[in-house]
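Visitor: Structure provided below as structure tokens; questions to follow.
The values are calculated or read from the model by the stated rules, or taken from the named source; none is laboratory data. Computed from a predicted structure; not experimentally measured. Note that we place each Cβ from the backbone using ideal geometry, even for glycine, and neighbour counts take in every protein chain shown. Heavy atoms of the whole protein, side chains included, go into the accessibility calculation; ligands, DNA and RNA do not. Shrake-Rupley method; radii C 1.70, N 1.55, O 1.52, S 1.80 Å.
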Amino acid sequence: MGELLSLTGYEYKKIFQKRSTWIALGVVLLWTLFAGISGILGDYYIEGEKVYSHYQMVKQERYALEHLEVKELNQDFFQKMQADMEKFSGTMEGVSEDAEEFSETMEGMSKNPKAKENIIQYWREYEKANKPYSNLYILLAMMENRIGDFNIEDVDGMNFYENRSRMMELIFQGEELSEKEIAFHEKENEKIETPYAYGNMLGFDNYFRMQAPNFIFLAFASAIILAPMFAGERASRMDALVLASRYGKNKLIQAKILTGLSFALFASLGFTAIFLLETQIIYGFSGWNLPIQVSVEGFYLNLPVNLLEFLGIAAGCSTAALCMTAMIVMFCSAKMKTPFGVIIVCFVFIFAPIFLVNLAAGNRFLYMLVCSLPTSMYYARSVAAHQLLSVGNHCFYFFQWVPAVYLVLTAGLACWSYRCFKNHQIR
């Protein structure tokens with residue numbers, strides 16, 4: 001074991017001596033940092049005058065969600081929302097009339113300082129009144145988009161859950177789920193406590209939204225870094241020397257595979273930790289115990305878990321998918337002669353599923369196959385997709401069976417890669 005770890009350390013040293021490694025990791029780090037702060041960059045202007053920065057708007061919404069008077073989506077919450085908006089409308093009625101006088105053209109508005117000032121004040125008051133409910137309006141708009149004949153203004157604490165159940169039925173019908181799958185999802189929905197707890201879900205929504213692009217960047221960077229693991233030895237004609245060394249045909253190959261898998265694991269944990277730290281500072285995770293149904297990513301799901309549990313599921317599946325990608329990179333490296341060829345193949349493997357998932361939607365087998373690929377597992381909603389794997393009387397979500405398949409495939413590809421490099425013909 002000591003020799004294996006020593007050889008693994010040597011492989012890590014080789015990796016980090018390459019400029020391409022630092023460039024790839026640097027690009028991923030810059031992207032991760034940008035992804036964390038992108039939502040607070042820029043300002044909001046009205047007629048050329050700065051009203052708020054996006055950071056101030058996020059800060060205001062976070063405060064509003066963390067200091068709600070009613071913290072459940074019940075009848076009291078919807079009544080308070082209606083009362084707040086009506087109170088706001090009554091207070092700003094005069095302002096609106098002044099603004100309408102000059103709102104026929106942007107030119108007329110800008111020429112009258114009073115109208116411009118009133119519009120800015122009107123917008124600020126509207127934002128202040130709307131912040132506690134802006135996320136709920138997004139959920140209601142999603143519901144309206146699915147149901148069709150639906151009036152957002154008529155929703156209250158009594159019919160909100162009835163309308164959501166109706167929405168889910170339409171989704172299941174559109175996805176042509178089996179009766180067994182529909183019954184399973186309905187049973188899962190019964191496990192969710194109602195009325196839903198409500199609060200600050202901004203941090204989780206931001207993480208779920210950016211997880212896929214973050215990991216796709218990291219996956220391609222890992223492909224660039226790990227592509228020379230075996231193919232680099234061939235390209236530099238060092239394979240004969242490697243195989244002739246003391247541990248060349250056993251522990252050195254094992255060390256290379258261990259290096260690739262551990263690199264993917266540490267990279268996933270490290271960059272995820274950086275992004276979570278950014279998100280905590282800006283948006284906060286105070287709503288960790290809220291059901292996922294109050295978030296944009298979880299609204300279409302019947303999975304009975306809270307936001308923190310779903311974050312763990314999504315991050316865990318992404319880490320497993322990145323390790324699977326790393327193993328595929330090393331397998332290609334063991335089979336191919338140059339790192340460049342490995343990078344091209346892995347580029348297609350990483351980015352093709354983004355486009356294939358829509359093309360395969362009409363065929364259930366192909367759709368589930370594409371959704372089980374590593375790239376698809378980077379999307380938070382995909383890990384709990386409605387299509388289930390049925391075994392006997394049991395149904396399983398993607399996040400329950402795909403990581404197990406990855407584990408088996410990783411072991412198989414590791415053995416195959418070992419044999420390919422060990423027994424390849426040296427020229």
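Visitor: If you roll a 1.4 angstrom probe over the protein chains with everything in place, what fraction of the accessible area of the chain belongs to carbon and sulfur, to the nearest %?
Guide: Values: 12760 of 21340 Å².
After summing per-atom areas, the C and S share lands at 60 percent.
Visitor: Determine, from the Cβ-Cβ distance of TYR12 and LEU269 and an R0 of 25 Å, the FRET efficiency 1/(1 + (r/R0)^6), rounded to the nearest 0.05. Each step should come with its number before you reach the end.
Guide: Values: r = 16 Å, r/R0 = 0.63.
Rounded to the nearest 0.05, the efficiency is 0.95.
Visitor: On the full set of protein chains, 1.4 Å probe, figure out the accessible area of GLU11 and give it in Å² to the nearest 10.
Guide: 10 Å²
Visitor: For a quick check, take a GNM of the chain with Cα springs below 10 Å and name the residue from GLY39, GLY362, GLY284 with the largest mean-square fluctuation.
Guide: Fluctuation is largest for GLY362.
Visitor: Related question: Taking 7 Å along the Cα-to-C-beta vector as the label spot, tell me the LEU389-MET1 distance in nanometres, rounded to one decimal.
Guide: Rounded to a tenth, the inter-label distance reads 3.1 nm.
Visitor: Taking square-rooted eigenvalues a ≥ b ≥ c of the alpha carbon gyration tensor, is the stretch 154-197 rounded, prolate or oblate, where a/c under 1.5 means rounded and, failing that, a/b exceeding b/c means prolate? Please report the intermediate quantities before stating the final value.
Guide: Working: a/c = 3.82, a/b = 1.55, b/c = 2.46.
Oblate is the answer for the stretch 154-197, as a/c is 1.5 or above yet b/c matches or exceeds a/b.
Visitor: A follow-up question, please. How much solvent-accessible surface does MET57 expose, in Å² to the nearest 10, with a 1.4 Å probe and all protein chains in place?
Guide: 30 Å²
Visitor: Work out how much length LEU407 to TYR44 would gain on full extension: take 0.36 nm times their residue separation and subtract the Cα-Cα distance, in nm to one decimal. Can you show the working numbers first?
Guide: Details: separation 363, 0.36 × 363 = 130.68 nm, distance 4.80 nm.
In short, 125.9 nm is gained.
Visitor: With springs only between Cα atoms under 10 Å apart, run a GNM on the chain and tell me which of ASP84, ASP149, ASP76 wobbles the most.
Guide: Looking only at ASP84, ASP149, ASP76, the biggest GNM fluctuation is shown by ASP149.
Visitor: Would you mind giving the average projected area, over all directions, of the Cα convex hull of the stretch 326-387 in nm² with one decimal?
Guide: On the way: hull surface 18.5 nm².
So the Cα hull casts an average projection of 4.6 nm².
Visitor: What is the P(r) of the stretch 1-87, as percent of Cα-Cα pairs per 10 Å bin from 0?
Guide: With 10 Å bins starting at 0, P(r) equals 13, 19, 21, 16, 13, 12, 6, 0.
Visitor: Further question: If the viscosity is 0.692 mPa s and the temperature 37 °C, what Stokes-Einstein diffusion coefficient in µm²/s follows for the stretch 120-197 when Rh is the Kirkwood radius over Cα pairs? Don't jump to the answer; show the numbers that get you there.
Guide: Details: Rh = 14.5 Å.
D = 226 µm²/s.
Visitor: Please calculate how many Å² of accessible area the chain carries per residue, with a 1.4 Å probe and no DNA, RNA or ligand atoms counted. Numbers along the way, then the final one.
Guide: Details: 21340 Å² over 427 residues.
Accessible area per residue, the chain: 50 Å².
Visitor: Evaluate the distance, in nm, between pseudo-label points positioned 7 Å from the Cα of THR194 and of ARG419 along their respective Cα→Cβ axes.
Guide: 5.5 nm
Visitor: Say R0 is 60 Å: what FRET efficiency, to the nearest 0.05, do ARG19 and ILE182 get from their beta-carbon distance? Show your work: numbers first, answer last.
Guide: Values: r = 54 Å, r/R0 = 0.90.
The pair ARG19/ILE182 has a calculated efficiency of 0.65.
Visitor: Could you tell me the convex hull volume per residue, in Å³, taken over the Cα atoms of the stretch 253-383? Please list the in-between numbers first.
Guide: Values: hull volume 18.2 nm³, N = 131.
Enclosed volume per residue, from the Cα hull, is 139 Å³.
Visitor: How big is the chain along each principal axis, measuring the range of its Cα positions in Å and listing the largest first?
Guide: Projected onto its principal axes, the Cα set of the chain covers 87, 56, 38 Å.
Visitor: Follow-up. Go ahead and run the numbers for FRET between LEU277 and GLU144, Cβ-Cβ distance against an R0 of 35 Å, rounding to 0.05.
Guide: Efficiency for this residue pair is about 0.45.
Visitor: Which distance in Å, rounded to a whole number, links the C-alpha centroids of the stretch 305-362 and the stretch 207-221?
Guide: Between the Cα centre of the stretch 305-362 and that of the stretch 207-221, the gap is 11 Å.
Visitor: Expressed in nm to one decimal, what extension gain is obtained for the pair GLU66 and SER134 from 0.36 nm per residue of sequence separation less their Cα-Cα distance?
Guide: Details: separation 68, 0.36 × 68 = 24.48 nm, distance 1.37 nm.
Full-extension gain reported as 23.1 nm.
Visitor: Moving on. Roughly how many Å² of ILE23 are accessible to a 1.4 Å probe, to the nearest 10?
Guide: 100 Å²
Visitor: Can you give the helix-only mean residue ellipticity at 222 nm for the chain, where every DSSP H stretch with n ≥ 4 adds -39500 (n - 2.57) and the sum goes over all residues, rounded to the nearest 500 deg cm²/dmol?
Guide: Numbers: 19 runs with 297 residues, N = 427.
Rounded to the nearest 500, it is -23000 deg cm²/dmol.
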